[in-house]
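Please read the structure below before turning to the comments.
The values are calculated or read from the model by the stated rules, or taken from the named source; none is laboratory data. The structure presented is a predicted model; accordingly, all values stated were derived computationally and were not measured. Cβ atoms come from the backbone with ideal geometry, glycine included; neighbour counts cover every protein chain shown.
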Amino acid sequence: MIDHLTLRVADYDRSKKFFAEALAPLGYEKIMEFEGFCGLGAGGKPDFWIARSEEGARPQTHIAFAARTRQDVDRFHEAAVKAGGKDNGKPGPRKEYHENYYGAFVLDPDGHNIEACCHKPE
């Protein structure tokens, strides 16, 4: 079980804005912030953190956020691209993963591969 994770980012303010907007359709919001660290989450628990990196961004990381519905996946992709992300896989079924997998991918401002996915049937 994962309690939380932290992603190091090259431009803290840009990434904070990007993730706040991109993850809003999934119910995420900024919950906690202190010098160089911002915790986002749903339900009052910050489980996704971004942290200022003095060395620039690390090599690409892949993070997948659970979406309640396929429509939330669609809204995530739209919000993430609008917030400055780059499309890395439009919303749609990914039958190669499993029968009901529905996901969308964007690259964040540092090039990390951010996904929202739903495992429920249509």
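Values computed for the structure shown
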{"quantity": "Odd one out for N113 among (1) more than 13 Å from the chain's Cα centre (by Cα); (2) surrounded by fewer than 21 Cβ atoms within 10 Å (Cβ to Cβ)", "calculated": "(1)"}
{"quantity": "Filtered residues of the stretch 19-31 (kept if in contact with a strand residue (DSSP E or B) (Cβ under 9 Å, 6 or more places away or on another chain) and either at pLDDT below 95 or assigned to a helix (DSSP H, G or I) (or both))", "calculated": "F19, A20, A22, L23, P25, L26"}
{"quantity": "Condition check for T61: at pLDDT 95 or above and hydroxyl-bearing (S, T, Y)", "calculated": "no"}
{"quantity": "Y97 vs. criteria modelled with pLDDT under 95 and either surrounded by 15 or more Cβ atoms within 10 Å (Cβ to Cβ) or more than 20 Å from A10 (Cβ to Cβ) (or both)", "calculated": "yes"}
{"quantity": "Matching residues in the stretch 32-74 - criterion: being in a loop (DSSP other than H, G, I, E, B), in contact (Cβ under 8 Å) with a residue 40 or more places away in the chain and over 17 Å from L7 (Cα atoms)", "calculated": "A67, R68, T69"}
